[in-house]
Amino acid sequence: MFTMAKRNIKLYFRDKASVFFSLMAVLVIIVLNIFFLTDSLNEGLGEIPNIKILVGTWLVAGIVAVTTTTTALGALGTMIEDKSRKIYKDFYTSPLKRSSLAGGYIISCMVVSFIMSLIALAAGIGYVVYLGGDIPSTATILETVGIILLAVLANGSFMFFITSLLKTSSAFSTFSTVVGVLIGFLMGIYMPAGNLPDGVQWVVKVFPPTYSASALRTVLMDDILNDTFSGFSAPEGYEIFTRADFEKFMGVNFEFGDCTTNLMTAIIVMACASIVFCGLSVISMSRKNK
Amino acid sequence: MEKIIEVSNLRKSYGDVRAVNGISFDVEKGSLFAFLGVNGAGKSTTIDIISTMLKPDGGEVKVGGHVLGREDNAIRKEIGVVFQDSLLDPLLTVNENLMIRGSFYGMSKGEVKASIDRVIETVGLGGFLNRRYGKLSGGQRRRADIARALINTPKILFLDEPTTGLDPQTRKSVWNTIKGLRENSGMTVFLTTHYMEEAAQADYVTIMGSGEIIAQGTPIQLKERYSSDMLKMKYTDKSALEEKLKELAVDYVEDVETVNVKLDNTMQAIPIIEACRELFVNFEVVNGTMDDAFLNATGANLE
């Protein structure tokens with residue numbers, strides 16, 4: 001199983017195109033932000049002190065969340081390739097357990113996603129420091145890594161489940177493209193969730209991977225939010241004047257009626273998503289193995 | 001002789017199509033077994049079943065004494081398969097590929113390495129072991145494929161059209177590798193091919209058509225049964241020659257510039273040549289070939 005995982009990881013990193021395309025969504029987000037988003041956000045929320053660093057950190061959290069999803073999907077390209085090129089024939093005529101084969105794909109997808117997310121986090125912290133922010137405390141970094149691990153489990157198993165239903169390369173690449181384009185909207189990264197129409201906000205709220213973004217924002221932005229909103233009072237007629245408003249607008253947390261989600265909610269959603277999608281994947285894989 | 005593969009009453013359908021329709025055959029241990037048939041005859045389905053990839057609808061198969069369906073893993077340990085398409089990873093080196101595939105057989109890293117050293121020598125991979133599989137030429141790839149199939153020292157080697165798509169020279173060298181392998185290890189080789197000169201070197205040939213076995217025997221037996229020797233005479237005067245042949249009461253067919261007489265054996269040609277010696281400018285006696293045998297056996301089935 002671990003040899004297979006190692007093989008899949010090697011195949012992902014040696015295929016430069018697959019690495020590049022699995023980061024496509026991230027590149028789109030970065031470009032969008034450079035040209036439009038950050039400026040308009042900074043303008044709209046300009047009264048808030050540290051707004052540049054705040055929005056920068058918010059962006060980094062979103063990018064890391066997207067990375068957990070899209071790179072997991074990129075790594076699963078190997079599984080589809082094995083299917084479409086009939087490489088599985090070689091595995092099926094060997095005394096390799098089918099469960100080891102499936103396990104190899106899952107492990108490699110999680111490992112790739114984790115490595116790439118850590119790289120994204122490191123680059124993101126560099127960006128925040130460049131904007132003038134502080135390097136997060138060790139505690140924050142450890143917490144973030146913990147959240148990334150959980151996000152990788154949840155989003156990785158979600159992607160694995162869907163990929164296990166696909167057979168051809170073209171179906172898979174279509175799916176990857178759709179994910180690459182939509183994930184930014186669905187996680188509320190192309191624009192803050194608060195800017196989206198109500199209907200779309202609902203979709204964002206019930207899309208499980210959103211909560212990985214939410215959790216990462218909560219953890220990464222906590223310190224700077226504390227700094228910013230202690231002693232800040234918004235000017236008259238200003239739309240966003242409290243921390244709670246800001247958090248809701250930026251998708252740090254979400255409101256269901258009178259309840260507001262928090263870090264714990266996000267962790268529970270991710271844990272449940274991991275369990276549900278792992279279970280569904282097992283069913284889907286064993287059904288195909290007759 | 002000991003039987004290493006026993007197939008009886010094997011059946012497999014895809015919907016209404018009966019791909020394999022109750023076939024039975026045995027393969028003797030240590031033999032080179034050629035499995036022939038036109039495309040779509042059910043060869044691949046049969047091989048997929050024997051190599052544990054596909055579940056049959058019915059029938060019994062034993063490979064190396066292990067019952068298919070119950071002891072699949074025991075079978076998988078004893079077989080090696082060279083597939084028609086290349087199934088190694090193009091982005092990995094040959095050595096990496098062999099290390100990964102070798103690990104499937106429950107060998108330790110050291111054992112796999114020792115195994116790779118062994119197959120390198122058998123197959124001749126020395127020069128490109130550390131090159132990426134995807135960058136190799138067709139012949140080198142085939143060698144790597146064979147090396148992969150040999151990594152677990154199999155008792156039975158399945159070769160599914162191993163030389164299709166290779167240039168004649170590479171084909172010959174791949175074929176020599178296979179031959180050398182048999183001479184040195186006494187391995188049983190189960191071969192499918194479209195090249196009759198390869199089938200002619202087999203110990204035993206089985207021909208499939210439309211899901212059934214239509215002929216089996218040694219290459220010599222098949223040639224005797226399904227092809228015939230031929231006397232070809234290039235005539236000077238066509239009608240005179242035809243008249244003479246009618247007089248001798250032999251059957252003939254006309255060809256471009258020649259008249260051909262089917263023979264039971266080459267010796268029969270002598271009296272005919274004697275009788276007609278004035279009437280042709282030259283002649284040749286052609287032995288029946290595996291090509292003829294294959295075409296006649298499968299052609300008869302189509303009718």
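Annotations for the structure displayed:
The rows are residues; the columns are (1) β-branched (Val, Ile, Thr); (2) exposed (fewer than 12 other Cβ atoms within 10 Å of the Cβ).
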position: B:LYS244; (1), (2): no, no
position: B:GLU257; (1), (2): no, yes
position: B:LEU263; (1), (2): no, no
position: B:PRO271; (1), (2): no, yes
position: B:ARG277; (1), (2): no, yes
position: B:VAL281; (1), (2): yes, yes
position: B:VAL285; (1), (2): yes, no
position: B:THR289; (1), (2): yes, no
position: B:ALA293; (1), (2): no, no
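- Selection count where residues are surrounded by fewer than 16 Cβ atoms within 10 Å (Cβ to Cβ) and basic (Lys, Arg), scope the stretch B:203-242: 3
- Lone qualifier among B:LYS29, B:LYS55, B:LYS43, B:LYS12 - being touching a Ser or Thr at 6+ places or on another chain (Cβ under 7 Å) and surrounded by fewer than 18 Cβ atoms within 10 Å (Cβ to Cβ): B:LYS29
- Residues in the stretch B:271-303 that are within 16 Å of B:GLU242 (Cβ to Cβ), aliphatic (A, V, I, L, M) and not in a helix (DSSP H, G or I): B:LEU279, B:VAL281.
- Filtered residues of the stretch A:215-241 (kept if closer than 18 Å to A:PHE254 by Cα and either part of a helix (DSSP H, G or I) or modelled with pLDDT of 70 or more (or both)): A:ALA215, A:LEU216, A:ARG217, A:THR218, A:VAL219, A:LEU220, A:MET221, A:ASP222, A:LEU225
- Sole residue being touching an Asp or Glu at 6+ places or on another chain (Cβ under 8 Å) and of a type in the set (A, V, I, L, M), chosen from B:LEU279, B:LEU222: B:LEU279
- Some residue of the stretch B:135-156 being in a loop (DSSP other than H, G, I, E, B), over 15 Å from B:VAL81 (Cα atoms) and without any contact (Cβ under 8 Å) to a residue 40 or more places away in the chain: yes
- Residue tally, condition within 14 Å of chain A (Cβ to nearest Cβ) and among the small types (Gly, Ala, Ser), over the stretch B:128-176: 4
- Elements of type helices (runs of 4 or more DSSP H) in the stretch A:13-122, at least 1 residues being within 14 Å of chain B (Cβ to nearest Cβ), surrounded by fewer than 16 Cβ atoms within 10 Å (Cβ to Cβ) and of a type in the set (A, V, I, L, M, F, W, C): A:16-22
- Any hit, the stretch B:167-189, residues being in a strand (DSSP E or B), surrounded by 16 or more Cβ atoms within 10 Å (Cβ to Cβ) and in contact (Cβ under 8 Å) with a residue 60 or more places away in the chain: yes
- In the stretch A:123-147, residue surrounded by the most Cβ atoms within 10 Å (Cβ to Cβ) [restricted to those that are within 30 Å of A:THR163 (Cβ to Cβ) and not hydroxyl-bearing (Ser, Thr, Tyr)]: A:ILE147
- Scanning the stretch A:148-174 for residues that are within 21 Å of A:MET24 (Cα to Cα), surrounded by 18 or more Cβ atoms within 10 Å (Cβ to Cβ) and not aliphatic (A, V, I, L, M) turns up A:ASN155, A:GLY156, A:SER157, A:PHE158, A:PHE160, A:THR163, A:PHE172.
- Answer from B:ALA215, B:ALA202, B:ALA144 - the residue that is closer than 28 Å to A:ASP15 by Cβ, at pLDDT 85 or above and assigned by TED's automatic domain parsing to the domain that holds B:SER31: B:ALA144
- Each residue in the stretch A:253-290 was checked for being free of Cβ contacts under 8 Å to residues at least 40 places away in the same chain, outside any helix (DSSP H, G or I) and either charged (D, E, K, R) or within 14 Å of another protein chain (Cβ to nearest Cβ) (or both), and 3 of them qualify.
Quick grid of which residues meet (1) in a helix (DSSP H, G or I); (2) at pLDDT below 80; (3) in contact with a Phe, Trp or Tyr (Cβ under 9 Å, 6 or more places away or on another chain):
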position	(1), (2), (3)
B:GLU247	yes, no, no
B:ASP251	no, no, no
B:VAL261	no, no, yes
B:ALA269	yes, no, yes
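- The one condition from (1) part of a helix (DSSP H, G or I); (2) over 27 Å from the mean Cα position of the chain (by Cα) that B:ARG118 does not meet is (2).
The values are calculated or read from the model by the stated rules, or taken from the named source; none is laboratory data. Nothing here was measured: the structure is a model prediction, and the numbers come from that model. Methodologically, a virtual Cβ is constructed for each residue, glycine included, from the backbone with ideal geometry; neighbour enumeration extends over all protein chains shown.
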